[in-house]
1. Filter region 386-404 down to the residues that are without any contact (Cβ under 8 Å) to a residue 60 or more places away in the chain and not β-branched (Val, Ile, Thr), then identify the one that is surrounded by the fewest Cβ atoms within 10 Å (Cβ to Cβ).
2. Among the residues of region 410-423, is there at least one that is hydrophobic (A, V, I, L, M, F, W, C), touching a Ser or Thr at 6+ places or on another chain (Cβ under 7 Å) and under 20 Å from His168 (Cβ atoms)?
3. Kindly indicate whether any position in region 440-448 is out of contact with any Cys (no Cβ under 8 Å at 6 or more places or on another chain) and under 13 Å from Gly394 (Cα atoms).
4. Out of curiosity, is Leu266 in contact with a Pro (Cβ under 7 Å, 6 or more places away or on another chain), part of a loop (DSSP other than H, G, I, E, B) and either more than 16 Å from the ligand (Cβ to nearest atom) or touching a residue at least 60 places away in the same chain (Cβ under 8 Å) (or both)?
5. Quick test for you: out of Gly241, Gly203, Gly208, pick the one residue that is over 21 Å from Asp407 (Cβ atoms) and surrounded by fewer than 15 Cβ atoms within 10 Å (Cβ to Cβ).
6. Kindly provide the set of residues from region 160-190 that are in contact with a His (Cβ under 7 Å, 6 or more places away or on another chain) and within 16 Å of the ligand (Cβ to nearest atom), ordered by number.
7. Within region 51-75, count every residue that is touching a residue at least 12 places away in the same chain (Cβ under 8 Å), farther than 17 Å from Ala120 by Cα and among the basic types (Lys, Arg).
8. Is it the case that region 3-22 has a residue that's closer than 30 Å to Leu108 by Cα, among the hydroxyl-bearing types (Ser, Thr, Tyr), touching a Pro at 6+ places or on another chain (Cβ under 9 Å) and surrounded by fewer than 16 Cβ atoms within 10 Å (Cβ to Cβ)?
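The values are calculated or read from the model by the stated rules, or taken from the named source; none is laboratory data. The model shown is predicted, which means the values in this text are computed figures rather than measured ones. Note: ideal-geometry Cβ built from the backbone for every residue, glycine included; neighbour counts use all protein chains shown.
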Amino acid sequence: MAELSVLSAASECWPLIKTGGLADVAGALPAAVEPHGVAMTRFLPGYPSVLRALPRKRTLFRYDSLLGAPARILAAKHDGRPLLVLDAPVYYERDGGPYSDAMGRDWLDNGLRFAAFAKAAADLAAGRAGLKRFDVLHAHDWQAGLAPAYLAYNVDAAKRPASVMTIHNMAFQGWFGADFFPRLELPPEAFSIQGVEYHGGVGMLKAGLMQADAITTVSPGYAEEIRKPEFGMGLEGLIVGRQDRLHGIVNGIDTAEWNPASDAALAAPFTAETLPARSLNKRAVEDAFGLEPGEGPLFVVITRLTWQKGMDVLLEVIDHLVGLGGRLALLGSGDAAIEAGLHAAAGRHPGRVGIRIGYDEPLAHLMQGGGDAILIPSRFEPCGLTQLYGLAYGCVPVVARTGGLGDTVIDANEAAMTAGAATGILFSPVNYEGLSSAISRAVRLYGDEERWQQMQRAGMKTDNSWGRSGQAYAALYRQHKEQR
Ligand code: ADP
């Protein structure tokens, strides 16, 4: 099988920089596609944490001006595989997160910061920035969305690599006003319906979706949903128009990072055969969250605190959850009003509800290894990774029936329980009635230890590795390379 070269451009990559699932996916993809004859090189913006974590790097290419600021492309290695970084201090050398300052306010120049990243990705992929041309450019989310447009408008068709655009979340589209267009160094005709123009301004995700040879999203369920206005968020027409190019490929999990038998973040590693060892992890979670021991299930939540994740609905059901004998440990950060509501709930239920505001990767692992059930009441969920980690760790997912959640969890209805296939609880709609009755079902099922353990084991046996999905991406790259 001929080797295929792919440049994967994403604004996050575990373990170098992470705010959500995009990082996990961008970090895991190279190993997932490698067995299928794909050599993947990752490309990342040079945030301070990324530059610090890569001591050995060499300059591959210099821009006197990349959309107005000096920049260098640096070459390094990470997990033994090539990694390229865009070092542009004017754009990335600042404290805070990748998209916002320490107070959570978006950087005002995010348009330019990621247009520059996308332009450099296109230059690299086209063989104009110190390396030979790649076969395929794989662009992730709006931050890399302009890359397929730069290929389409700035590179001759004969020299253009194929391009794949992946939607990790349709809610983030990267829209900027019309006055931004002249900064992009694209020809005037790119400001059109076929190009980057969207509602009178520049739509970065839209541009990528319009120009890429293939579009993927991170589950078959979400690929269906985004054809409809409730989920397409204005881009449903474009998606329907290009549906012959759309593929739903479910995310896998990195089974080296997320393996309960060898996870160093756990108080007690375990397997499906040693489930009682989980009780030590549970105790460690109780300690970390100041919870009293109890008979009922320990529910955990690990999430961004946003409307998408249904966290306003969670606030409404906390009293019900505690009333049934349940306890809750929540790790997350985000919306200030939701944080305040959570603190109030913890105040009402000392020893029963524990809250940790912030981002803590080892604690997230421990919660999956010690919690009885993970609650995910998302209004929409392109794939979702926390339910996959829950399955792998025997932390039974209680999830909304949407997107990737519906694709990856098998509901504990009578038929599935009898067949031994059930792995969790699915519910709809996402409101008080839906979530509170799902919690009631979970508490009832938890009371029957044998049936609960049967669900835990079925989840732990589910294959959520990258195997099939890595193969699906490789097949897609190959198909579009051959069509070029
Ligand atoms: P999204 O990308 O929409 O935030 P996903 O479920 O796809 O949701 O991915 C979330 C990822 O971020 C998971 O790896 C999850 O464990 C992690 N995560 C979310 N919030 C936190 C947090 N506060 N601390 C540690 N990890 C978190």
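1. Arg401
2. Within region 410-423, not a single residue is hydrophobic (A, V, I, L, M, F, W, C), touching a Ser or Thr at 6+ places or on another chain (Cβ under 7 Å) and under 20 Å from His168 (Cβ atoms).
3. yes
4. Yes; evaluated as a whole, the condition is true for this residue.
5. Gly241
6. Thr166, His168
7. Summing the residues that are touching a residue at least 12 places away in the same chain (Cβ under 8 Å), farther than 17 Å from Ala120 by Cα and among the basic types (Lys, Arg) in region 51-75 gives 2.
8. Within region 3-22 (the criterion being closer than 30 Å to Leu108 by Cα, among the hydroxyl-bearing types (Ser, Thr, Tyr), touching a Pro at 6+ places or on another chain (Cβ under 9 Å) and surrounded by fewer than 16 Cβ atoms within 10 Å (Cβ to Cβ)), the answer is yes, since at least one residue qualifies.
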